[in-house]
Amino acid sequence: MSNLQSQDYIRISATTTTPPSARSWEDQVAKLIDVTRCIGCKACQAACMEWNDLRDEVGYFEGTYDNPLDLDPHTWTLMRFTEYVDDKGDLEWLIRKDGCMHCEDPGCLKACPAPGAIVQYANGIVDFISQNCIGCGYCVKGCPFNIPRISQVDHKSYKCTLCSDRVAVGLEPACVKACPTGAIMFGSKKDMTHWAGERIVDLKSRGFENAGLYDPPGVDGTHVMYVLHHADKPEIYAGLPQHPKISATVEFWKGLIKPVALAGIAAAAISGFLHWVIAGPNVVQPEDEQAAEDVLKANDFPETGDRGHQTEHPT
Amino acid sequence: MASLAPTFGRGAMTNTWQDIKNADVVVVMGGNAAEAHPCGFKWVVEAKIENGAKLIVVDPRFTRTASVADYYVPIRPGTDIAFLLGLIRYLLEKDQIQHEYVRAYSNAGLIVQEGYGFEDGLFSGYDHEKGDYDKSSWTYELDEQGFAKADDTWQHPRCVMNLLKTHVARYTPEMVSRICGTPQDKYLHVCEMIAATAAPDKAMTSLFALGWTQHSVGSQNIRTMAMVQLLLGNIGVAGGGMNALRGHSNIQGLTDVGLLSNLIPGYLTLPNDQEKTFDDYMKTRQFKPLRPGQMSYWSNYRKFFVSFQKSIYGDAATAENNWNYDWLPKLDIPLYDIIKAFEMMNKGEMNGYICQGFNPQQAFPDRGKIRRGLSKLKFLVTMDPLDTETSRFWENFGPQNPADSANIQTEVFQLPTTCFAEENGSLVNSARWLQWHWKAAEPPGIAKSDIWIMSGIFHRMRELYRKEGGAFPDPILNLTWNYTNPTDPNPEELAKDMNGRARVDLKDASSAVSKKAGELLDGFAQLRDDGTTESGCWIFSGCYTEKGNQMARRDATDPREQGIAPNWAWAWPANRRILYNRASADVAGNPWNPAKPLIQWNGTKWVGIDVPDYGPTVKPSDGVGPFIMNAEGVGRLFALDQMVEGPFPEHYEPLESPTINALHPKVQSNPAVRVFPDDRADFGSPAEFPYVATTYRLTEHFHFWTKHARINSILQPQEFIEIGEALANEKGIAQGSWVRVASKRGFIVCKAYVTKRITPLMVDGKATHVIGVPLHWGFTGQARKGYGANTLTPSVGDANTQTPEYKAFLVNIESVNGPLV
Amino acid sequence: MTRPYGTLTRNSTVTRLNHWLTAGCFVLLMLSGLSMFDPLLFWLSSLFGGGESARAVHPWIGVVLLISYAGLIIQFWRDNLWTKDDTAWTMAIDKVLENKEEGVPEVARFNAGQKFVFWSMALLVPVLFFTGLVIWEYYFGTYTSIPTQRAALLIHSLAAIAAIIIWIVHVYAAIWVRGSMRAMTQGWVTPGWAWRHHRKWFRSLATTGSTGPRPNATPRK
Amino acid sequence: MNLTRRGFIKLTGASLATSSLSAMGFGGCGEAVAELVRPFKLTHAKETRNTCTYCSVACGILIYTLGDGALNATSDVIHIEGDPDHPVNRGTLCPKGSALLDIVHAPTRLKVPKYRAPGATAFKEVTWDWALDRIARLMKDDRDKNFIAKNAEGTTVNRWLSTGMLAASASSSETAYLTWKVVRSFGMLVFDNQARV
């Protein structure tokens, strides 16, 4: 494995600046979340808050172990608990660490209108650069996993950075380091995929026939992947989407209609210009004035005050 | 651990945390390792992944540990002994025991004397008046030399093996299921999985914690599994053991250093009133071997004791004054434990109490009684980094602490202390490792270390006694205090005190000087009983030697990656990482499991990756047993007189139980348990309180500390209880709604978590509901204000250790509209 | 106000102020909206002091536009009701475009093109407003599902594009038909202008003796 | 590394136009790109090895403090994470350990000694000297009054039962040893720790 640091970028939101390409030694990274090893202890959540200096408000117990209740600008990763009764009638406590999936084809970045507010580094990390964020919320609509959250305080969008600051100096993300049971692993995407394969063999030997890797092709794969006991039913893990991809609505909005709309606007303007050139202005003629005067007279149109203050004869 | 010592000789976790990865089967029962010890639990996950291990979880609730288990079975709180004795019956009936191991390394073949018996729930010698046993019949039949008689063929009707068979015969699968509520097929499946580790090269580890200790039969819970492990040959081997997962960072250390009512550092014990003289005292402690040729290491007791007295009293302790034996306080009762202390407070028998880093207002049973007790004190001193409930017990916080300040005459001192980040020192972890840590920052404000504060109190007391005289000032005036800075001794000096040093030039057998006067000792083998050595805690001897601070070692090298890391920090005793590791090899000294040997005999000495828990050159043919602390050299299936309620475990119902004891209705609960009359009056009946409650930790919190930390308060913000869907439906309790949970002693009003993870159990044909009560909340800190689980718990303890019965008691529950204001 | 002798009032002062408020809002919305629509046009946000302020101010301008346009609707709706003549006028649009209005049905106060602009905007402005509310993150971000917001964004964009194109037509028409701009700036037109472009309207004023913008209720004598 | 996978954005006339606009001062693309990752916060922080204060797994931790220890710098804990060298935790920490920073800096950490007089409804701040003098006075008076030198049978028992102590499970063994010495030199028997709860 070569260097995994977040040095170069391969995509920047809303800009056409060419990404640098001379350095080609960067490998793509991945975080592998092995749900089957996870005990739901929330160490990842705590480590994330501690490292990233995030402190939410202290909430309330709301009839679930999910605390806080949802991702928010101060909660970039969240354990979601599901009590699931399997086909055999046995209880399984499915616990999934939710957070940014770092899509290879990031919908947030595609949707973002602010230049440089979302970048994708060469190692695959999709990062929000808060200084450039305008707070429009388009990333929220662009994301197929419902991850980014807009702060009501500073109107910036926030989500997991995959600890790009740690990765940049050669460290693993804070959640990965903390995870007590090794349910979160970090390395090159190639290595993580390989390791997931070994885990799946073990799980199948323990009776989980549908164990598998969640690396959805709809977004060209992700840099955060899951090992699931029931990969055939990802939705039982607190609604992990079966076939995530950037919404067709968003693709259309950020794709085809942009050039078509600009073309349409331009066409309208050009048509006007051409009409001007060809037909020219529509100007009132003296005959028109005369005809109008005749009508007015015929109707015995009253004199008005205005008429007494004539300063200019209409043409 | 007053259950492992009677069985194996020492009361501590036998193996290391990392060694768990060598297990073939991991049983988590009487604990919830994933929840309470996530970072230790990683080695269970490693065992599963790297060793193909199977994880079995037996728990009233489907816990976080269960969420990654291969097999989970439910059990009614407080019935573990029935489950495990049934397991022993299964193992004996199916002959799934490791024969050679049991024959050589347990007391299965020793013969018990004739007077011993068991009938209708009581062992021989019970005194109904006193509620106590005369334990004289619980012993071996001795021969002329004072050695126990043995029958290695197990033919003798009174050999331990046969007594055991008879004892467990009643625990049929039907009976187990009837008592525990565990479905029979699931129970038998667990038996089958566990029995597989009887093979010599297979190991099972038992991970347990307060889920076993916090019962009126807590010690016997553990002992029963210890017996299972002996029968399966799983003690002393890699991946085996009885792994008592201690709760607090230095609770092992505090126990090692003897900060309990009856202890002297190093598991020496204080004298009692009957031991009038030093000789009386020594008689019951210097255990002579009960079998020929055994080490019976406690026969060195005198060396440890004298060296200890020299350490704390120096020149004032002499042979002539019996090393100041009389300066030690004597006990008139077995223990002045916490339950007794608060009983005394409530009766007005106590005036002062010092709580050092301890929060009894939340942590002790029956919070109401605790508050009433503290209110009767003249003074209370708290030393804590945090603003504890105890230090504010007198302040009215509404229903969570309805104190009447004006009527509480207690003077309270709230002293701010340093925390871990602000001091040097060592902590002993569960696996007995003494690990040094370094100060990183200054404490906030003018907070001071506990060392500074205790020294301050001591110096002022000593000064007052010097000036004014008073009651028996001698021990105070003569306490050794040779520290560079007497007002703030540095931890390194204290560590050296515990390690011990030579007081004169020590000479070895050849009369050469082996240690110069004043030099630090290399280990407890150098201790002497003539006053020429001193050591503050003999089991720690070797932790700080002339070679430096061994506890600060940071070489993580792990030979064969077998989870020993012998050069990381230092472990007591003598840096042994796996206790009883002699038992990892067969009688001839060859490892049971050649793939994972710990030590083995190479013809001249014991070699391997661990320090032998054995004489390093003792030949296998000498027949010395692997349990060197025990007078018989073997592990005890029959515990002699070491346990107060019997040499074998027996199922007794919790003091508050929803059912009658199916085995012996006349002896419902532990007959040797101590209950104060006022506490007994506060026990509830199943008619009034029909549901079984159990209290526990959540992984997001640590006791009542982390509610002071913002992040942890975010992760679990508010007090709640857990109930199954069936009970919730019956009671009309909606998810996340408010409920009132009451016991005879008090009530809490909090949110309800309705879960599939708790299901009703069929106990004696009746559906029994369990209510889970997480314990972390209180009225100070960052989290939402709560009552605390111990508002509900009963003030009764384990008969041996007086550990409160937090894990099984009775409550009622009802839906309410909202919190009390 | 001083104005030439014999001219007719095409738009009252209130109407004109209302129009230009609407127009100003529209232009600002268009500029800020386009800056968020396509990265190519993000530089337009600089006109508002940057992307963040463009984002912040856009929905508020939208609220003003909605209210303002409602005012225009109240003033204009009756004169924009579609008639058979409008259909005929539309059929003869080629002649109109060639500036040959003879033979085209006489037009009342508004011609079919103007009515089209009016009713299009009357439809698009509320559409833009309500879809805008759905995607107004600060206040309404949590009230609707993300798929709803995605649809709203798409509809908002499409509606905006349509509105911009219609706006271009509207602006060009004002430039093309001389005198129209003044009708909305100073408010008056010459009788000849009225005769040429809105003859029916002109007749209604003449016969009722009104100087505009609307005929009097009863014909003179 | 597959270059084609890197998804280069193609240069188009439009992008040239944008670039020119940027060059003219419109838009913030140039500045945007300069803002890459958040600076690593521990580059020169002092690292101290310590042990987690909670459970008995005794995970190794690294405490990072502000400043390099120079005399003129006031040090403060800024971050705590797992010690990767530690054989048990190997760098991992549980949710309590991961949040140790918040217990070090808890708003409810005590900073000064406080005293509550009998019947009072609030604490008041006191000096260490005052507090320790008062405690010693109360203890000595109680000990002198209630010390039991001999029991009813006349056996020397030298015990003091009317004042008790609970010792801290998170304090070091060295603290524990010193505490033991002090407490037993007084003859105290009502003495316990968290081993039971």
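The values are calculated or read from the model by the stated rules, or taken from the named source; none is laboratory data. These numbers were taken from a predicted model, which means no experiment stands behind them. With ideal geometry, Cβ positions are generated from the backbone for all residues, glycine too; neighbour counts draw on all protein chains shown.
State all residues of region A:152-163 that are surrounded by fewer than 22 Cβ atoms within 10 Å (Cβ to Cβ) and either at the interface with another protein chain (Cβ under 9 Å from one of its Cβ atoms) or under 15 Å from the mean Cα position of the chain (by Cα) (or both); if no residue qualifies, say none. Once the filter is applied, which keeps residues that are surrounded by fewer than 22 Cβ atoms within 10 Å (Cβ to Cβ) and either at the interface with another protein chain (Cβ under 9 Å from one of its Cβ atoms) or under 15 Å from the mean Cα position of the chain (by Cα) (or both), region A:152-163 yields A:GLN152, A:HIS155, A:LYS156. Is it true that some residue in region B:477-484 is surrounded by fewer than 19 Cβ atoms within 10 Å (Cβ to Cβ), more than 30 Å from D:ARG143 (Cβ to Cβ) and more than 9 Å from chain D (Cβ to nearest Cβ)? Looking through region B:477-484, none of the residues is surrounded by fewer than 19 Cβ atoms within 10 Å (Cβ to Cβ), more than 30 Å from D:ARG143 (Cβ to Cβ) and more than 9 Å from chain D (Cβ to nearest Cβ). The conditions of being within 20 Å of B:ILE75 (Cα to Cα), out of contact with any strand residue (DSSP E or B) (no Cβ under 7 Å at 6 or more places or on another chain) and among the hydrophobic types (A, V, I, L, M, F, W, C) are met by B:VAL228.
Scanning region B:508-526 finds one or more residues that are more than 9 Å from every other protein chain (Cβ to nearest Cβ), surrounded by fewer than 17 Cβ atoms within 10 Å (Cβ to Cβ) and within 23 Å of B:THR269 (Cα to Cα).
With the condition kept exactly as written, say whether any residue in region B:535-542 is modelled with pLDDT of 95 or more, more than 30 Å from the chain's Cα centre (by Cα) and either among the hydroxyl-bearing types (Ser, Thr, Tyr) or buried (at least 19 other Cβ atoms within 10 Å of the Cβ) (or both).
Looking through region B:535-542, none of the residues is modelled with pLDDT of 95 or more, more than 30 Å from the chain's Cα centre (by Cα) and either among the hydroxyl-bearing types (Ser, Thr, Tyr) or buried (at least 19 other Cβ atoms within 10 Å of the Cβ) (or both).
From the residues in region D:104-161 that are aromatic (Phe, Trp, Tyr) and closer than 25 Å to D:VAL182 by Cβ, which one is farthest from the other protein chains (Cβ to nearest Cβ)? Filtering first and then ranking leaves D:TRP130.
Among residues belonging to region C:171-221 that are assigned to a loop (DSSP other than H, G, I, E, B) and in contact (Cβ under 8 Å) with a residue 60 or more places away in the chain, point out the one that is nearest to C:GLY113 (Cα to Cα).
C:HIS198
Conditions (1) at the interface with chain B (Cβ under 7 Å from one of its Cβ atoms); (2) more than 19 Å from B:ALA552 (Cα to Cα); (3) of a type outside the set (Asp, Glu); (4) in contact with an Asp or Glu (Cβ under 6 Å, 6 or more places away or on another chain), marked per residue:
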residue	(1), (2), (3), (4)
D:ILE63	yes, no, yes, no
D:GLY67	no, yes, yes, no
D:THR74	no, yes, yes, no
D:VAL77	yes, yes, yes, no
D:ILE80	no, yes, yes, no
D:ASP83	no, no, no, no
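Would you mind stating whether A:ALA174 is within 14 Å of chain C (Cβ to nearest Cβ) and out of contact with any Ser or Thr (no Cβ under 7 Å at 6 or more places or on another chain)? Here the answer is no, as A:ALA174 does not meet what is asked. Scanning region B:56-66 for residues that are of a type in the set (A, V, I, L, M, F, W, C) and farther than 14 Å from A:GLU92 by Cβ, we see that the one that is nearest to the other protein chains (Cβ to nearest Cβ) is B:ILE56.
Out of B:THR269, B:THR213, I need the residue that is surrounded by fewer than 24 Cβ atoms within 10 Å (Cβ to Cβ), within 14 Å of chain D (Cβ to nearest Cβ) and under 18 Å from the mean Cα position of the chain (by Cα). Which one? Of the residues listed, the single one that is surrounded by fewer than 24 Cβ atoms within 10 Å (Cβ to Cβ), within 14 Å of chain D (Cβ to nearest Cβ) and under 18 Å from the mean Cα position of the chain (by Cα) is B:THR269.
Under the condition of being charged (D, E, K, R), away from chain A (no Cβ under 14 Å) and touching a helix residue (DSSP H, G or I) at 6+ places or on another chain (Cβ under 8 Å), the residues counted in region B:67-110 number 5.
The residues in region B:102-135 that are more than 26 Å from the chain's Cα centre (by Cα) and touching a residue at least 40 places away in the same chain (Cβ under 8 Å) can be counted, and the count is 12. Quick check on region B:449-458. Is at least one of its residues more than 7 Å from chain D (Cβ to nearest Cβ) and touching a strand residue (DSSP E or B) at 6+ places or on another chain (Cβ under 7 Å)? Scanning region B:449-458 turns up at least one residue that is more than 7 Å from chain D (Cβ to nearest Cβ) and touching a strand residue (DSSP E or B) at 6+ places or on another chain (Cβ under 7 Å). Take B:PHE689 and tell me if it is closer than 20 Å to B:ASN401 by Cα, hydrophobic (A, V, I, L, M, F, W, C) and in the same structural domain as B:GLU805 (by TED's automatic domain parsing). In short, no. Residue count for region B:503-555, restricted to those that are under 30 Å from D:ASP83 (Cα atoms) and part of a strand (DSSP E or B): 5.
Using the structure shown, decide if B:PRO591 is without any contact (Cβ under 8 Å) to a residue 24 or more places away in the chain, surrounded by fewer than 24 Cβ atoms within 10 Å (Cβ to Cβ) and under 23 Å from B:GLY623 (Cβ atoms). Considered against the rule, which asks whether it is without any contact (Cβ under 8 Å) to a residue 24 or more places away in the chain, surrounded by fewer than 24 Cβ atoms within 10 Å (Cβ to Cβ) and under 23 Å from B:GLY623 (Cβ atoms), B:PRO591 comes out as yes. Applying the set (1) more than 13 Å from chain D (Cβ to nearest Cβ); (2) of a type in the set (Asp, Glu); (3) not in a loop (DSSP other than H, G, I, E, B) to B:ASP280 leaves exactly one unmet item: (1).
Hey, can you tell me all the residues within region B:459-472 that are more than 7 Å from chain D (Cβ to nearest Cβ), farther than 23 Å from B:ASN482 by Cβ and not acidic (Asp, Glu)? B:GLY469, the sole residue that qualifies.
Annotation: of all residues in region B:2-53 being at positive phi and more than 14 Å from chain A (Cβ to nearest Cβ), the one that is surrounded by the most Cβ atoms within 10 Å (Cβ to Cβ) is B:GLY30.
Look through region A:21-43, keep the residues that are among the hydrophobic types (A, V, I, L, M, F, W, C) and within 11 Å of chain B (Cβ to nearest Cβ), and return whichever of them is nearest to A:MET225 (Cα to Cα).
Taking the candidates together, the pick is A:VAL35.
On inspection, D:SER75 fails the criterion of being modelled with pLDDT of 85 or more and crowded, with 21+ Cβ neighbours inside 10 Å. None of C:GLY24, C:GLY50 is within 9 Å of chain D (Cβ to nearest Cβ), surrounded by fewer than 23 Cβ atoms within 10 Å (Cβ to Cβ) and without any contact (Cβ under 8 Å) to a residue 24 or more places away in the chain except C:GLY50.
Every condition in (1) farther than 24 Å from B:PRO173 by Cβ; (2) in contact with a Phe, Trp or Tyr (Cβ under 9 Å, 6 or more places away or on another chain); (3) surrounded by fewer than 23 Cβ atoms within 10 Å (Cβ to Cβ); (4) not hydroxyl-bearing (Ser, Thr, Tyr) holds for B:ASP143 except the one numbered (2).
Of the residues B:LYS785, B:LYS756, the single one that is touching a residue at least 24 places away in the same chain (Cβ under 8 Å), closer than 27 Å to B:TRP394 by Cα and of a type outside the set (A, V, I, L, M) is B:LYS785. The strands (runs of 3 or more DSSP E) found entirely in region B:719-776 that carry 3 or more residues being touching a strand residue (DSSP E or B) at 6+ places or on another chain (Cβ under 7 Å) are B:720-724, B:738-743, B:746-755, B:770-774.
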